[in-house]
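Reading through the structure tokens given below for one structure.
Bear in mind that the values in this text are calculations on the coordinates, not laboratory data. Computed from a predicted structure; not experimentally measured.
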Amino acid sequence: MSNYETMVFGGLDKENKVRQSLLTVYEALKVKGYNPISQLVGYIMSGDPTYITSHNNARSIISKLERDEILEEVFREYLKD
């Protein structure tokens, strides 16, 4: 790494942290037999963490994110070229 490259504290930028968190939560919901999209939409709309399973610490992971951060990442991914 050269002296001119920017280091990211913690190894992940904000977008990647949100993306990775959503993927982890998605997989936990899927493993437990839930429809991950429906559960995530329910959580985003209501803010009620009980829409998210506690399996693999998914509820704790998603609780660390702001719902607007989640929506930003979803729109960013959906609308990218």
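Rounded to the nearest 500, the 222 nm mean residue ellipticity of the chain from helices alone is -18500 deg cm²/dmol, with -39,500 (n - 2.57) taken per DSSP H run of at least 4 residues.
The long axis of helix 67-79 is offset from the longest Cα principal axis of the chain by roughly 70 degrees. Evaluating kT/(6 pi eta Rh) at 20 °C and 1.002 mPa s, with the Kirkwood radius of the chain over Cα pairs in the Stokes-Einstein relation, gives 157 µm² s⁻¹.
3J(HN,Hα) along region 21-29, derived from phi through the Karplus expression 6.51 cos²θ - 1.76 cosθ + 1.60 where θ = phi - 60°, amounts to 4, 4, 5, 5, 5, 4, 5, 5, 5 Hz, with x in place of Gly and Pro. Under the classification rounded if a/c is under 1.5, otherwise prolate if a/b is larger than b/c and oblate if not, where does region 11-52 fall, given a ≥ b ≥ c as square roots of the Cα gyration tensor eigenvalues? Note, shape of region 11-52 comes out oblate.
In percent, rounded to a whole number, the relative contact order of the chain is 28, using alpha-carbon pairs under 8 Å and six or more apart.
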